[in-house]
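Please treat every number below as a calculation from the coordinates, not as lab data. Note that the structure is predicted; figures quoted are calculated from it, not measured. When we count neighbours, we look across all protein chains shown, and the Cβ atoms used for this are built from the backbone with ideal geometry, even at glycine.
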Amino acid sequence: MRAYGLEKFGIENLQLVDAPDPAPGPEEVVVDVKALSLNYRDLLVMRGTYNPRLPLPAVPISDGAGVISAAGGHVTRVAVGDRVTGHFVAGWIDGRFRREYIRHSLGTPGPGMAAERVVLPAEAVVPIPPGYDFAQAATLPIAALTAWSALVTEGQIGPGQTVLTLGTGGVSIFVVQIGKALDAKVIITSSSDDKLRRAAELGAAHTINYEATPAWEERVEELTDGLGVDLTVETGGARTLQQSMAATRAGGRIAMLGALTGLEGELNVAPVLMKRLRICGIYVDSRAAFEAMNVFLAEQRIMPVIDRVFPFEALPEALRLLESGAHFGKIVVTLEGP
């Protein structure tokens, strides 16, 4: 079979190689991968930023969807022929998050999805919701579930509440779609008026061009009658967190899940104290939350927004598009086959 191997850090070192066909252990399944979707985490892994001590070579990419082609003798919850996605935090079935779950995350240190076939623990696959093809399903494990975790698991957002999300990548677009379905009012930022127009068409209540309005936190306050939003989905990182705190209402929540502007920087924590803000780190969510989200998405008929689809052979090119930030929503890579 074909698989991508990362021999050294850097997208330029990603090589398509021949690899032996995998066989499942007693509690594992083989998934014939049909589609991948890309996340910013994949770039961090390949740059060596995510884990500089990552043993190489490694097979990258966290998100994928496909068909189970073989199953171990002890597998009962899924079967050969099932259409499934991987579950990124493979060991997190339900309940509270534990630090050791990180060791099982797909796309390193756990198995990577950038291969024609991959062996996964049977507990780490989730059935694809009805009405979704493989490309659409491949966008769900990280981007959609991260948005769900921020809005529902941690944010507890309900009708009439306000949400701010930064940028127009995969997570933020799912925040708009899921937020609208929850009857929340979503405010979204971008430097592109065209992307903001598209976000409004998807259901964003308000849009802010942060280049035209550098003090966007003040505009957020204006749009919320001087209160600030109930929840900020903070994808930016160190350089945007201060403004996000200003844009969040007293007693509000900030779901911290990205670092597009960096991981380190000076921070005045006074607003956290004076406004009783709650900042929660988001590391996707449990399999139970994934399954609940899939039911909701199917019921609400929420379809993922896919910017571009690349063939498997063009994975490095797809990663370059992700790196450029020019995309809107998700980038998908498909493998040939039915």
Practice item. Taking the chain as the reference, fit the longest principal axis to its C-alpha atoms, fit the long axis of helix 193-202 to the helix C-alpha atoms, and give the angle between the two in degrees, 0 to 90, nearest 10. Key: 80 degrees
Exercise for review: Can you tell me the 0 to 90 degree angle between the C-alpha axis of helix 170-181 and the longest principal axis of the chain, rounded to 10?
Suggested key: 70 degrees
Point to revise | Cut-off under 5 Å, modelled amide H: who pairs with Tyr50 long-range | key: Val45
Check your understanding: Which peptide among 155-164, 70-79 comes first, and what is the full order, when sorted by highest mean count of other Cβ atoms within 10 Å?
Key -> 155-164, 70-79
Check your understanding: What angle do you read, to the nearest 10 degrees and between 0 and 90, between the alpha-carbon axis of helix 315-324 and the longest principal axis of the chain?
Key -> 10 degrees
Revision key, fill the gap. If the chain between Arg47 and Glu291 were fully extended at 0.36 nm per residue, the gain over the current Cα-Cα distance would be 84.7 nm
Check your understanding: Only one of the listed values, (1) 29, 24, 18; (2) 42, 25, 17; (3) 34, 21, 19, was derived from the coordinates as semi-axes √(5λ) of the Cα gyration tensor in Å; which label is it?
Key -> (3)
Revision key, fill the gap. Taking 0.36 nm per residue of separation between Glu222 and Arg278 and subtracting their Cα-Cα distance, the length gained on full extension comes to 18.0 nm
**Study point:** Ala200 paired with Phe97, simple spin-label distance in nm, labels 7 Å along Cα-to-beta-carbon
**Key:** 3.5 nm
Practice item. Please get the size of the charge dipole for the chain, origin at its Cα centre, with Cβ charges of +1 on Lys and Arg and -1 on Asp and Glu, quoted in debye to the nearest 20. Key: 560 debye
Point to revise | Size of charge dipole - segment 144-281 - debye, nearest 20, with Cβ of Lys, Arg +1 and Asp, Glu -1, no other charges | key: 280 debye
Practice item. Please tell me the relative contact order of the chain in percent, rounded to the nearest whole number, where contacts are Cα pairs under 8 Å and at least six residues apart. Key: 18 percent
Check your understanding: If Lys and Arg each add +1 and Asp and Glu each add -1, what is the summed charge of the other residues whose beta carbon sits under 13 Å from the beta carbon of Gly72?
Key -> -2
Practice item. Could you tell me which of Ile208, Thr235, Leu277 has its Cα farthest along the dipole of segment 183-280 towards the positive end, charges placed at Cβ (Lys, Arg +1; Asp, Glu -1), taken about the Cα centre? Key: Leu277
**Study point:** Ellipsoid equivalent to segment 144-281 - semi-axes via the Cα gyration tensor, in Å
**Key:** 20, 17, 15
Study note, to complete from the structure: Among Lys195/Lys275; Lys34/Lys330; Lys185/Lys275; Lys195/Lys330, the pairs whose Cα-Cα distance exceeds 25 Å are Lys195/Lys275
Exercise for review: Pick out, from Ala71, His104, Val309, the residue whose Cα sits farthest towards the positive end of the charge dipole of the chain, with +1 on the Cβ of Lys and Arg and -1 on the Cβ of Asp and Glu.
Suggested key: His104
Study note, to complete from the structure: Across Glu221, Glu317, Glu264, the residue with the highest GNM fluctuation in the chain (Cα network, 10 Å cutoff) is Glu264
